[in-house]
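The values are calculated or read from the model by the stated rules, or taken from the named source; none is laboratory data. This one's a predicted model, so the numbers in the text were calculated from it and none came from an experiment. Cβ: placed from backbone, ideal geometry, glycine included. Neighbour counts: every protein chain shown.
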Amino acid sequence: MTDQESGHRPKYQRIADELRTAIQSGTFAPGDRLPGENDLMGTYDVARMTARQALSVLRNEGLAEARKGAGVFVRSFRPVRRRSIPRLARDHWANGRSVWSADVEDRALVVDQVEVTPAAPAGTRVARALGLGSPDDPVCVRSRRFVLDDKPVLLSVSYLPAALAEGTAITQPDTGPGGTYARLTELGHCPAHFREEIRCRMPTSEESDRLSLGFGTPVILISRTALTEAGVTVELNEMTLDSGSYVLEYDFDAGA
């Protein structure tokens, strides 16, 4: 960017640019407190609103986070690298490991706010995704929140035909080693193919609260269907991710 181009940028953006460069160069390390509004006002001779906007830019980009009564700090949370292909490999869940084991390594993961409804009407959207005959057909609904290193990062709601889940560990909060896919395999409905659709949007107020999102942070929506070798859909999993907490990684070969 030329000096002339830089001069046309609003002051708050230029301040944010300098702070961003300092963060990326390591001048401000993860967990360090950034200059506050008063500091920026004095250093750059700007109004409080301009200083506040500059800090908001960094917060919205996921580089910084506000701590009530303490100031704005360089974000110290290490993003989750979600390896979409290896995490769904059969040798993970078939051998008793969770899908998450490919992502979190040795980090502390807790699944809380677990709610399981063994049989609820599917509704039109879920019935269509699962290939059910009617929106009134029952599905087992599993709702969970995933907390990594004490930070909420993911909301997940899974839908399975109630007839498959009835009387199994799938209807329990803890589905056991290997999770839902291992239980489906034991029942003769082994997932053999997965399809994921991804989009982004701004969160609802409930999503912001449950994920403890900073103002202006979007969410990533991932909708995954699991199918058997015969093409029968056995699960719809709708996930809401904190976009600042994830790197989505896809590794695949070029087609012929």
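Figures for the structure shown
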| read-out | value |
| --- | --- |
| Cross-chain or 6+ apart pairs with Cβ under 8 Å, the range 156-167 first and at pLDDT below 95, then surrounded by fewer than 22 Cβ atoms within 10 Å (Cβ to Cβ) and assigned to a loop (DSSP other than H, G, I, E, B) | Leu164/Leu187; Leu164/His189 |
| Subset of the range 191-203 [of a type outside the set (Lys, Arg), farther than 22 Å from Val116 by Cα and surrounded by 11 or more Cβ atoms within 10 Å (Cβ to Cβ)] | Ala192, His193, Phe194, Glu196, Ile198, Met202, Pro203 |
| Helices (runs of 4 or more DSSP H) contained entirely in the range 6-74, each with at least 2 residues that are among the small types (Gly, Ala, Ser) and under 30 Å from the mean Cα position of the chain (by Cα) | 11-25, 48-60 |
| Boolean, Ala226 is of a type outside the set (D, E, K, R) and in contact (Cβ under 8 Å) with a residue 12 or more places away in the chain | yes |
| Test set (1) in contact with a Leu (Cβ under 6 Å, 6 or more places away or on another chain); (2) more than 30 Å from Phe77 (Cα to Cα); (3) surrounded by 20 or more Cβ atoms within 10 Å (Cβ to Cβ) - Ala129 fails condition number | (3) |
| Exclusive hit being touching a residue at least 60 places away in the same chain (Cβ under 8 Å), among the hydrophobic types (A, V, I, L, M, F, W, C) and part of a strand (DSSP E or B), set Val147, Val247, Val141 | Val247 |
| Residue, farthest from Thr228 (Cα to Cα), within the range 150-173, restricted to residues that are polar (S, T, N, Q) and either outside any strand (DSSP E or B) or touching a helix residue (DSSP H, G or I) at 6+ places or on another chain (Cβ under 9 Å) (or both) | Gln172 |
| Output for the range 149-190, where each listed residue is touching a Gly at 6+ places or on another chain (Cβ under 6 Å) and either under 21 Å from Arg107 (Cα atoms) or buried (at least 21 other Cβ atoms within 10 Å of the Cβ) (or both) | Pro177, Gly178 |
| Residue check, Gly176 outside any loop (DSSP other than H, G, I, E, B) and out of contact with any strand residue (DSSP E or B) (no Cβ under 6 Å at 6 or more places or on another chain) | no |
| Count of residues meeting criterion [part of a loop (DSSP other than H, G, I, E, B), polar (S, T, N, Q) and touching a residue at least 24 places away in the same chain (Cβ under 8 Å)] in the range 202-223 | 2 |
